[in-house]
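The values are calculated or read from the model by the stated rules, or taken from the named source; none is laboratory data. Predicted model, so just to flag it, every value in this text is computed and none were measured. When we count neighbours, we look across all protein chains shown, and the Cβ atoms used for this are built from the backbone with ideal geometry, even at glycine. SASA here: full protein model, heavy atoms, side chains in, ligands and nucleic acids out. Shrake-Rupley method; radii C 1.70, N 1.55, O 1.52, S 1.80 Å.
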Amino acid sequence: MKSSPDLVKATAAAAQLIREYGIVSPAQIIIEDIAMDLGVLTKVAPLAGAEAHLLRKGNRGVIRVSDRITELGRRRFAIGHELGHWHLHTLQVPTWLCTSNDIHAYRGPDREIEANSFAAELLMPSSLFRPHLKPGISIALAKALASEFMTSLTATAVRMVEESSDECYIIFSHDGKVTWWKGGRNSLGLWIESAQEIDPQSFAYACDTIPLTQPACM
């Protein structure tokens with residue numbers, strides 16, 4: 001039987017840290033300080049072939065984030081992702097080398113998906129994030145929340161779809177074709193094929209001028 005990522009365990013672990021540190025506002029989520037308290041030093045440095053690297057030795061570790069990542073939100077998410085490996089996969093592998101696809105694609109090996117879920121909950125805790133979604137979601141709201149939580153627009157938009165009670169989807173596209181997509185927790189089973197062409201009459205088509213690193217439709 002094919003395994004599946006344990007997202008409940010991943011999000012619960014991050015939520016427990018939020019409670020332990022008494023965090024009640026996004027400004028208090030200083031990811032480097034959280035890492036240091038857990039015994040992990042973070043540093044920005046050259047890194048070939050990956051965006052982030054975790055090295056563990058006993059109860060101490062080092063996270064190196066590539067100096068090619070200049071966006072604060074992406075850098076914070078990369079650290080959160082590696083902390084997910086640190087916290088969830090303690091006895092499995094002493095070192096992790098994670099590419100952009102591992103950290104940002106939201107699809108792939110179970111342990112990478114778990115690390116992403118951990119990072120999303122740590123940086124955008126449901127208790128703080130979900131109340132913003134009650135009026136409904138939009139690209140404008142995604143931009144506002146990305147600024148407040150100091151996260152990338154991509155990660156914020158994905159989190160909005162995951163946490164919203166609305167039936168909603170996020171679609172990423174390039175050159176008029178779907179690259180990947182994700183449905184919300186109350187989506188009704190719509191399936192979108194990868195590389196599917198976007199209908200010229202759709203809202204997603206109108207938004208396809210937005211760079212690939214940003215959500216094309218919600």
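Residue pairs, Cβ under 8 Å, 6 or more apart or interchain, first in the range 54-77 and under 17 Å from GLU112 (Cα atoms) and among the small types (Gly, Ala, Ser), second outside any helix (DSSP H, G or I) and open to solvent by 10 Å² or more (accessible area, probe 1.4 Å). List them.
Filtered contacts from the range 54-77: no entries.
For the range 45-73, enumerate the residues that are under 12 Å from the mean Cα position of the chain (by Cα) and surrounded by 24 or more Cβ atoms within 10 Å (Cβ to Cβ). I'd like the intermediate steps shown before the answer.
The first filter runs over the range 45-73 and keeps only residues under 12 Å from the mean Cα position of the chain (by Cα), leaving 73.
The answer is none; no residue qualifies.
Search the range 77-128 for residues being surrounded by 21 or more Cβ atoms within 10 Å (Cβ to Cβ) and among the β-branched types (Val, Ile, Thr), and hand back the single one that is farthest from PRO26 (Cα to Cα).
ILE103
Find all pairs meeting these conditions: Cβ atoms under 6 angstrom apart; at least six residues apart or on different chains; first residue within the range 83-101 and closer than 15 Å to LEU7 by Cβ; second residue among the basic types (Lys, Arg) and at pLDDT 85 or above.
What qualifies is HIS89/ARG111.
Do we have ARG64 as within 18 Å of ILE103 (Cβ to Cβ) and basic (Lys, Arg) here?
So ARG64 passes the test.
Of the conditions (1) in contact with a strand residue (DSSP E or B) (Cβ under 6 Å, 6 or more places away or on another chain); (2) open to solvent by 20 Å² or more (accessible area, probe 1.4 Å), ALA12 satisfies every one except a single condition; which number is it?
(1)
Give the range 22-40 a look and list any residue that's open to solvent by 80 Å² or more (accessible area, probe 1.4 Å) and either under 19 Å from the mean Cα position of the chain (by Cα) or closer than 19 Å to HIS87 by Cβ (or both), or say none.
GLN28, ASP33, MET36, ASP37
Among the helices (runs of 4 or more DSSP H) contained in the range 126-175, which hold 1 or more residues that are under 30 Å from GLU197 (Cβ atoms) and modelled with pLDDT under 95? Spell out how you get there, then give the answer.
Working: elements: 126-129, 139-149, 153-163.
Per the criteria, 139-149, 153-163.
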